[in-house]
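So the structure is just underneath, and the comments pick up after that.
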Amino acid sequence: MADQLPSTPKLDELEKGKWPSFVTEIKMAAKRSPMAADLLGQLEQSYREKIGYWKHGGIVGVMGYGGGVIGRYSALPKEYPGISHFHTMRINQPAGWFYTSDSLRKICDIWEKHGSGLTNMHGSTGDIILLGCRTEELEPVFDELQKIDFDIGGSGSDLRTPSCCCGMARCEWACYDTMALTHDLTMHYQDELHRPAFPYKFKFKMSGCPNDCVASIARSDLSIIGIWRDEIQIDKAAVTEYAEKGMDIQSDVVNNCPGKCINWDGKEITIDDSFCRHCMHCINVMPKALRPGKDRGAMLLIGSKAPIIEGAFLSSILVPFIKIEPPYTELKDLVDKIWDLWCEEGKNRERVGEFIQRVGLSAFLDEIEVEPIPEMVAHPRENPYVFYEDYEDDDEDDK
Amino acid sequence: MAEAMQERRTDYGPPHYEQFLPPIIKENYGKWKYHELLKPGVLVHVSESGAKLFTVRAASGRLVSIDKIRMFCDLADKYCDGYMRFTSRHNAEFLLSKSENVDPLIADLAKIGHPIGGIGNAITSIVHTQGWVHCHSAATDASGIVKCVMDDLIEYFEETKLPGKLRIALACCLNMCGAVHCSDIAILGVHRRPPVIDHTKVKKMCEIPNVSASCPTAAIRPATVDGLPSVEVIEDRCMFCANCYTVCPAMPLNDPVNDGVSIWVGGKVSNARHEPMFSKLFIPYIPNNPPRWPEVTTAIRQIVEIWAANANKYERLGEWIERIGWPKFFKMTGVEFQSEHIDDFKHAGLTFKRSTHITF
């Protein structure tokens, strides 16, 4: 194969410049894989003709699993036989995307033997993406993955592979152990992850603090974001050090506080924590001097998603604070209630956020037995179209 | 075969992360005290115990070959006792316990074409989707535009000279596998031609009620065409979301003449200072111009530079625009405000300006 790479004048332009080039990656793989070589050929044609050449998908998978493999076929199989099948396998990443070189090399060896040699590290949801596999190679890949203890991730109307920030492994701001929770939920919900039985997809994303490095609030049906509810820890000596090194604490920190609850008198910082909005700005700017409090847990927010179909949503508050400690019973009980309701009442391809919009948050809360609280809304309703629950009849006898 | 089936396991889940954590992380798990940005692309985390962990963040396209992963592995073996990780934005991260290994690692990364950066007040890797490399509904390529934009903005990846963080994301159609809707700058592939219906295939390949229900604007209704059960599209109501194509392969929207990208600005995910925000439409349409998409890279550089020159320290793009007002932003960038900029989907009224608070 090595000497027979297709001519790709357009794609070659994308090997110029300092940013790592995906074309160079495909060419490296193409030195041994006819699949990668044909991918180059078809992609060059797309670049020439300004259109993609992939068919609409198809149902493929490995035995015992309903998801995790995305069928993909070239629309030009005669021209590019190497990619007539070019399926994606989603492999559940270890929490936090930590690896040993040994584990990565084993995955590479399997993928060299059975696939295109191309991957995404990682896909948008978090999985290791093995890009480009023939149907008859899916089972052999899975056989070998079993031997190295890597399992398949989610796709379709199922629980999608949960993912998280690196949390306590390398961050002082983690308000709960994101990696432990992610691994636990992934193991606890293996059936929901592997066999699509939901109205549509459902994502958990675990972020250790409100900086939200995994975009939980924008991209997950249940966003689990670390937060504290006591006082921000202040190291006065370190505050002084920042000031002495030239930080303009008034301008950089105090003036940017959305709760206007920080005071700086030129010597000391004081915070009225009862007005702290937990935005993280002051802590981000002075990581040596300020730290989240000690009473830590997570906030649960529900319902975010990309636009299709009712428009893009951000998650909104469901539970302002919950302790996140194994075995996470309170959290799992709540998840089960949400799923029971949504699976029963949700329409085909309706995300839980859209379901809540359709039935109303109040009705949703009632069904999952969560009390409405003011933290859940930006403000109370502005229209008078209230579904009052009860009315009294004139002639009803007082008892 | 029967034997093989007996041995076959399912639902064993991912390997436990603990086995992949370097000893210094295991020892200091949950005990990190603070961190500092030592120089662009290099962090140190200091533990309560005094232990120091150095992080080197390297650029990576998200599409990587096994050859490259093996090169990363070699570097991990050479400098990091065989450990490495990836970030939520596709960067490759190397975790070192010895500070003297930092610079040699950076030099070796440069040799294999991977600059370091993307930490602090910088642009980091672009989160993106598959595009023409692997997707049937793509209105543009993903990896190609990302490569061009990052080539152009590389100085803002390698240095920390911006007022605040800037996050760019790209999705090659409205499905938004990359969920770009809360990015400082979002590049979104768009179709602009209604679906072309293959009436001979609709009944065979699609559930007609599902197809009708899939349309956010109720533009699709059942119809009999040439004696065949099919659907018709009220074209005036079509806003090209392609959700019908997702449920029905007989209704493609892909079209080389009309497909292209739109640019959205001012979103954010983090809660720092301002609450999370959606990105807003800025440039409704730029035709696809592969292989280097010069109109897209120029537009994005202009946004970045105007923001960088005018925003306050830490002020994200959306926060800055909110402060100066959208009319000023359009004026400063010279982009023409058009009818496409005004929302006309559900709850559009909430986006109208409902006060006298404007500047002249």
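Against the conditions (1) without any contact (Cβ under 8 Å) to a residue 60 or more places away in the chain; (2) in contact with a Gly (Cβ under 9 Å, 6 or more places away or on another chain); (3) of a type outside the set (Phe, Trp, Tyr); (4) not in a helix (DSSP H, G or I), residue B:37 satisfies every one except (1). Of the helices (runs of 4 or more DSSP H) lying entirely inside region B:84-171, the ones with 1 or more residues being within 18 Å of the chain's Cα centre (by Cα) and either surrounded by fewer than 23 Cβ atoms within 10 Å (Cβ to Cβ) or more than 9 Å from chain A (Cβ to nearest Cβ) (or both) are found at B:143-152, B:154-158.
Return the residues of region A:110-122 that are without any contact (Cβ under 8 Å) to a residue 40 or more places away in the chain and more than 8 Å from every other protein chain (Cβ to nearest Cβ); say none if nothing qualifies. If you could, list the steps in order and put the result at the bottom.
Kept after step one, since they are without any contact (Cβ under 8 Å) to a residue 40 or more places away in the chain, are these residues of region A:110-122: A:110-111, A:113-114, A:119-122.
Once the filter is applied, which keeps residues that are without any contact (Cβ under 8 Å) to a residue 40 or more places away in the chain and more than 8 Å from every other protein chain (Cβ to nearest Cβ), region A:110-122 yields A:110, A:113, A:114.
Figure legend. Inter-residue proximity from region A:312-327: first residues within 14 Å of chain B (Cβ to nearest Cβ), second residues modelled with pLDDT of 95 or more and open to solvent by 30 Å² or more (accessible area, probe 1.4 Å), beta-carbon distance below 6 Å, spacing 6+ or different chains. Indicated pairs: A:317/A:375; A:320/A:299; A:320/A:375.
Out of curiosity, is residue B:30 in a loop (DSSP other than H, G, I, E, B), buried (at least 19 other Cβ atoms within 10 Å of the Cβ) and at the interface with another protein chain (Cβ under 8 Å from one of its Cβ atoms)?
Details: in a loop (DSSP other than H, G, I, E, B): yes; buried (at least 19 other Cβ atoms within 10 Å of the Cβ): no; at the interface with another protein chain (Cβ under 8 Å from one of its Cβ atoms): yes.
No; evaluated as a whole, the condition is false for this residue.
Take the conditions at positive phi and surrounded by fewer than 24 Cβ atoms within 10 Å (Cβ to Cβ) and apply them to residue B:205. Does it pass? For residue B:205, the condition - at positive phi and surrounded by fewer than 24 Cβ atoms within 10 Å (Cβ to Cβ) - is not met.
Just one residue in the set A:90, A:105 is open to solvent by 10 Å² or more (accessible area, probe 1.4 Å) and either free of Cβ contacts under 8 Å to residues at least 60 places away in the same chain or in a loop (DSSP other than H, G, I, E, B) (or both); that residue is A:105. State which residue is farthest from the other protein chains (Cβ to nearest Cβ) when the search covers only region A:189-226 and only residues that are in contact (Cβ under 8 Å) with a residue 60 or more places away in the chain and part of a helix (DSSP H, G or I). It comes out as A:192. Among the residues making up region B:313-348, those that are touching a helix residue (DSSP H, G or I) at 6+ places or on another chain (Cβ under 8 Å), closer than 29 Å to residue A:247 by Cα and not in a loop (DSSP other than H, G, I, E, B) are B:317, B:320, B:321, B:324. In region A:382-396 there is no residue that is open to solvent by 100 Å² or more (accessible area, probe 1.4 Å) and in the same structural domain as residue A:313 (by TED's automatic domain parsing).
Only residues that are in contact with a helix residue (DSSP H, G or I) (Cβ under 9 Å, 6 or more places away or on another chain) and either within 11 Å of chain B (Cβ to nearest Cβ) or part of a helix (DSSP H, G or I) (or both) were counted in region A:123-148, giving 17. Of all residues in region B:188-237, those satisfying the criterion of being assigned to a loop (DSSP other than H, G, I, E, B) and more than 12 Å from residue B:251 (Cβ to Cβ) are B:192, B:207, B:216, B:217, B:218, B:226, B:227, B:234.
Only a single item in (1) crowded, with 18+ Cβ neighbours inside 10 Å; (2) more than 30 Å from residue B:207 (Cα to Cα); (3) more than 8 Å from chain A (Cβ to nearest Cβ); (4) of a type outside the set (Gly, Ala, Ser) is not met by residue B:271, and it is number (3).
The number of residues in region A:341-358 that are at negative phi and buried (at least 16 other Cβ atoms within 10 Å of the Cβ) comes to 11.
Out of A:302, A:338, I need the residue that is modelled with pLDDT of 95 or more, more than 30 Å from residue A:232 (Cα to Cα) and crowded, with 18+ Cβ neighbours inside 10 Å. Which one? Walk me through it before giving the result.
Details: A:302 fails: more than 30 Å from residue A:232 (Cα to Cα).
One residue alone meets the criteria, A:338.
Within region B:230-237, does at least one residue satisfy the condition of being in contact (Cβ under 8 Å) with a residue 40 or more places away in the chain and surrounded by fewer than 24 Cβ atoms within 10 Å (Cβ to Cβ)? Looking through region B:230-237, at least one residue is in contact (Cβ under 8 Å) with a residue 40 or more places away in the chain and surrounded by fewer than 24 Cβ atoms within 10 Å (Cβ to Cβ).
When B:65, B:60 are screened for being facing chain A (nearest Cβ under 9 Å), small (Gly, Ala, Ser) and touching a Pro at 6+ places or on another chain (Cβ under 7 Å), only B:60 passes.
Listed here are the residues, each with its yes/no results for (1) open to solvent by less than 20 Å² (accessible area, probe 1.4 Å); (2) closer than 22 Å to residue A:254 by Cα; (3) not hydroxyl-bearing (Ser, Thr, Tyr).
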{"residue": "B:303", "(1), (2), (3)": "yes, no, yes"}
{"residue": "B:309", "(1), (2), (3)": "no, no, yes"}
{"residue": "B:312", "(1), (2), (3)": "no, yes, yes"}
{"residue": "B:326", "(1), (2), (3)": "no, no, yes"}
{"residue": "B:329", "(1), (2), (3)": "yes, no, yes"}
{"residue": "B:338", "(1), (2), (3)": "no, no, yes"}
{"residue": "B:341", "(1), (2), (3)": "no, no, yes"}
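Scanning region B:264-303 for residues being over 26 Å from residue A:282 (Cβ atoms), outside any loop (DSSP other than H, G, I, E, B) and among the hydrophobic types (A, V, I, L, M, F, W, C) gives a total of 10. Just one of (1) open to solvent by 40 Å² or more (accessible area, probe 1.4 Å); (2) more than 12 Å from chain B (Cβ to nearest Cβ); (3) under 16 Å from residue A:229 (Cβ atoms) fails for residue A:277. It is (2). Residues in region A:227-252 that are open to solvent by less than 50 Å² (accessible area, probe 1.4 Å) and in a loop (DSSP other than H, G, I, E, B) were compared, and the one that is farthest from residue A:172 (Cα to Cα) is A:247.
Yes/no matrix, rows are residues, columns are (1) open to solvent by 30 Å² or more (accessible area, probe 1.4 Å); (2) within 9 Å of another protein chain (Cβ to nearest Cβ); (3) β-branched (Val, Ile, Thr); (4) assigned to a helix (DSSP H, G or I):
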{"position": "A:14", "(1), (2), (3), (4)": "no, yes, no, yes"}
{"position": "A:17", "(1), (2), (3), (4)": "yes, yes, no, no"}
{"position": "A:27", "(1), (2), (3), (4)": "yes, yes, no, yes"}
{"position": "A:39", "(1), (2), (3), (4)": "no, yes, no, yes"}
{"position": "A:44", "(1), (2), (3), (4)": "no, no, no, yes"}
{"position": "A:58", "(1), (2), (3), (4)": "yes, no, no, no"}
{"position": "A:78", "(1), (2), (3), (4)": "yes, no, no, no"}
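Only one entry in A:285, A:352 is touching an Asp or Glu at 6+ places or on another chain (Cβ under 6 Å) and not assigned by TED's automatic domain parsing to the domain that holds residue A:202, namely A:285. The residues in region A:134-188 that are without any contact (Cβ under 8 Å) to a residue 40 or more places away in the chain and touching a Pro at 6+ places or on another chain (Cβ under 8 Å) can be counted, and the count is 1. Would you check if residue B:293 is away from every other protein chain (no Cβ under 14 Å) and under 20 Å from the mean Cα position of the chain (by Cα)? No. Of B:298, B:356, all but one fail to be surrounded by fewer than 15 Cβ atoms within 10 Å (Cβ to Cβ), among the hydroxyl-bearing types (Ser, Thr, Tyr) and within 23 Å of the chain's Cα centre (by Cα); the exception is B:298.
The values are calculated or read from the model by the stated rules, or taken from the named source; none is laboratory data. These numbers were taken from a predicted model, which means no experiment stands behind them. A quick note on method: Cβ atoms are made from the backbone with ideal geometry, for glycine too, and the neighbour counts reach across all protein chains shown. All accessible areas refer to the heavy atoms of the entire protein, side chains included, with ligands and DNA or RNA removed. Shrake-Rupley method; radii C 1.70, N 1.55, O 1.52, S 1.80 Å.
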